Amino acid sequence: MLGLPRTRDEGRTPPVEGRPADSRLIDTYGRVATDLRVSLTDRCSLRCGYCMPPEGLDWLPQEQVLSDDELIRLITLAVNELGVEEVRFTGGEPLLRKGLERIIGATTALRTHRGQAPVTALTTNGVGLDKRARGLAAAGLARINVSLDTLDPERFLRITRRDRHRDVLAGLAAAAAAGMGPIKVNAVLLPGTNEDEAVPLVRWALTEGYQLRFIEQMPLDAQGAWERGAMVTADEIQRALAQEFELVPTDPLARGASPAQTWTARGDGLEGTVGIIASVTRPFCGDCDRTRLTADGQIRNCLFARDETDLRAPLRAGADDAELARIWRAAMWGKAAGHGINDTSFIQPDRPMSAIGG
């Protein structure tokens, strides 16, 4: 299948303790996880139809959610002992986490095996960002992705079921004023809703100095209503953009572990970067370098994994860092070749995106 590892090293055994090279999060296909995605909460301030129902979901009980200190300990372990070089905070909506600035500050104070601070980023819907952008920047946050599917406030209300379009724009402006960059805008195009906004969104983003990232709708909605044939594909988006812009691949050979294929878009006197994340039609599983930690302390070795590995229970039972690292390595060792979305045997994960983290 396109995007999957070509071979599996059946004869290898999980890495042993004792040498720096053995401490990495390696799987049986030779992929190494250096990018940690941390979900801070399963709660969200919006109700996007492709993610959750209008009434929301049954949120995690607070006692099941990792505390700030527990999160910081696991992030520190990942960076200091397991070779993680990038940390992205997600949700739900991470701005709902009161201790966000402290968690980010503790993360940016760490040093990877290369002696550098881990690349630290945040994915948010932008609601409330205008009030916290300066504090987040002071904590060391530089990179941010803000979700915005439409330039039309009325469409925004229909998609998110909340009248917060103005707040998202204010959050983007505040992030720019705080010196964050690059500022990326994530957009999901939905048939019959906003599929005509590919070009307007890119033109607006280039004018404002943002980088637009289109994301194919994935089977991670709580309702289980996703249909493979009822989505706007990467090919359709690319064709729409090519009618208005000159698209020059930023790296014509390979995108590596980056989930987005990117182009330099030129047109109407504007120029900038635009990307498409095509998890469904152009899978990039073969180069995946991500490991995921949910808000309730579960390790997921793939966004679409059906199984999770519990770190919260041993953490709270007094396990030392060596034992937690062993559990984490074992969880990643069992990573499948790919997500299998296009296989007839594919089964959607029990948890929706809001509970997993993007």
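The values are calculated or read from the model by the stated rules, or taken from the named source; none is laboratory data. Computed from a prediction, not measured in an experiment: that's the story for all the values here. Cβ sites come from the backbone with ideal geometry, for glycine too, and all protein chains shown count toward neighbours.
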- Scan the range 75-99 for residues that are aliphatic (A, V, I, L, M) and out of contact with any helix residue (DSSP H, G or I) (no Cβ under 7 Å at 6 or more places or on another chain) and jot them down. ALA78, VAL79, LEU96
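Residues to consider are LEU141, LEU151, LEU157, LEU57; find the one that is closer than 30 Å to LEU25 by Cβ and either aromatic (Phe, Trp, Tyr) or modelled with pLDDT of 95 or more (or both).
Working: LEU151 fails: closer than 30 Å to LEU25 by Cβ; LEU157 fails: closer than 30 Å to LEU25 by Cβ; LEU57 fails: either aromatic (Phe, Trp, Tyr) or modelled with pLDDT of 95 or more (or both).
Sole residue among the options that is closer than 30 Å to LEU25 by Cβ and either aromatic (Phe, Trp, Tyr) or modelled with pLDDT of 95 or more (or both): LEU141.
Here is a yes/no grid of residues against (1) at pLDDT 95 or above; (2) of a type in the set (Asp, Glu); (3) buried (at least 20 other Cβ atoms within 10 Å of the Cβ):
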residue	(1), (2), (3)
ALA177	yes, no, no
GLY192	no, no, no
TRP204	yes, no, no
LEU212	yes, no, yes
LEU220	no, no, yes
GLY224	no, no, no
- Note on the structure: Within the range 105-140, the residues that are within 17 Å of LYS184 (Cβ to Cβ), touching a strand residue (DSSP E or B) at 6+ places or on another chain (Cβ under 8 Å) and assigned to a helix (DSSP H, G or I) are LEU129, LEU136
- Might you let me know whether the range 81-90 holds any residue that is of a type in the set (Lys, Arg) and either assigned to a loop (DSSP other than H, G, I, E, B) or within 15 Å of the chain's Cα centre (by Cα) (or both)? yes
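With the condition kept exactly as written, say whether any residue in the range 60-78 is part of a loop (DSSP other than H, G, I, E, B), small (Gly, Ala, Ser) and under 19 Å from the mean Cα position of the chain (by Cα).
Here is the first cut: in the range 60-78, the ones part of a loop (DSSP other than H, G, I, E, B) are 60-61, 65-67.
From what's left, small (Gly, Ala, Ser): 67.
This time we only want the ones that are under 19 Å from the mean Cα position of the chain (by Cα), so: none.
Within the range 60-78, not a single residue is part of a loop (DSSP other than H, G, I, E, B), small (Gly, Ala, Ser) and under 19 Å from the mean Cα position of the chain (by Cα).
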- Item | Options ALA117, ALA133: the member that is of a type in the set (A, V, I, L, M), more than 11 Å from PRO94 (Cβ to Cβ) and free of Cβ contacts under 8 Å to residues at least 24 places away in the same chain | ALA117
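Which one of LEU110, LEU66, LEU57, LEU96 is closer than 18 Å to ALA33 by Cβ, in contact (Cβ under 8 Å) with a residue 24 or more places away in the chain and not polar (S, T, N, Q)? Please lay out each step first, then the result.
Details: LEU66 fails: closer than 18 Å to ALA33 by Cβ; LEU57 fails: closer than 18 Å to ALA33 by Cβ; LEU96 fails: closer than 18 Å to ALA33 by Cβ.
Just one listed residue meets the conditions, LEU110.
Residue by residue, here is whether (1) modelled with pLDDT of 85 or more; (2) closer than 27 Å to ALA78 by Cα holds:
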residue: THR264; (1), (2): yes, no
residue: GLY267; (1), (2): yes, no
residue: GLY286; (1), (2): no, yes
residue: LEU303; (1), (2): no, yes
residue: ARG316; (1), (2): yes, yes
residue: ARG329; (1), (2): yes, yes
residue: GLY338; (1), (2): no, yes
residue: ASP343; (1), (2): no, no
- Message: Testing PRO20 on (1) closer than 14 Å to ALA325 by Cα; (2) modelled with pLDDT under 80; (3) in contact with a helix residue (DSSP H, G or I) (Cβ under 7 Å, 6 or more places away or on another chain), one condition comes back false. Which one is that?
- Response: (3)
- Out of the residues in the range 32-43 that are in contact with a Lys or Arg (Cβ under 7 Å, 6 or more places away or on another chain) and of a type outside the set (A, V, I, L, M, F, W, C), which is farthest from GLN62 (Cα to Cα)? ASP35
- Query: Across the range 120-130, what is the number of residues that are over 22 Å from THR160 (Cα atoms) and touching a residue at least 40 places away in the same chain (Cβ under 8 Å)?
  - Reply: 0
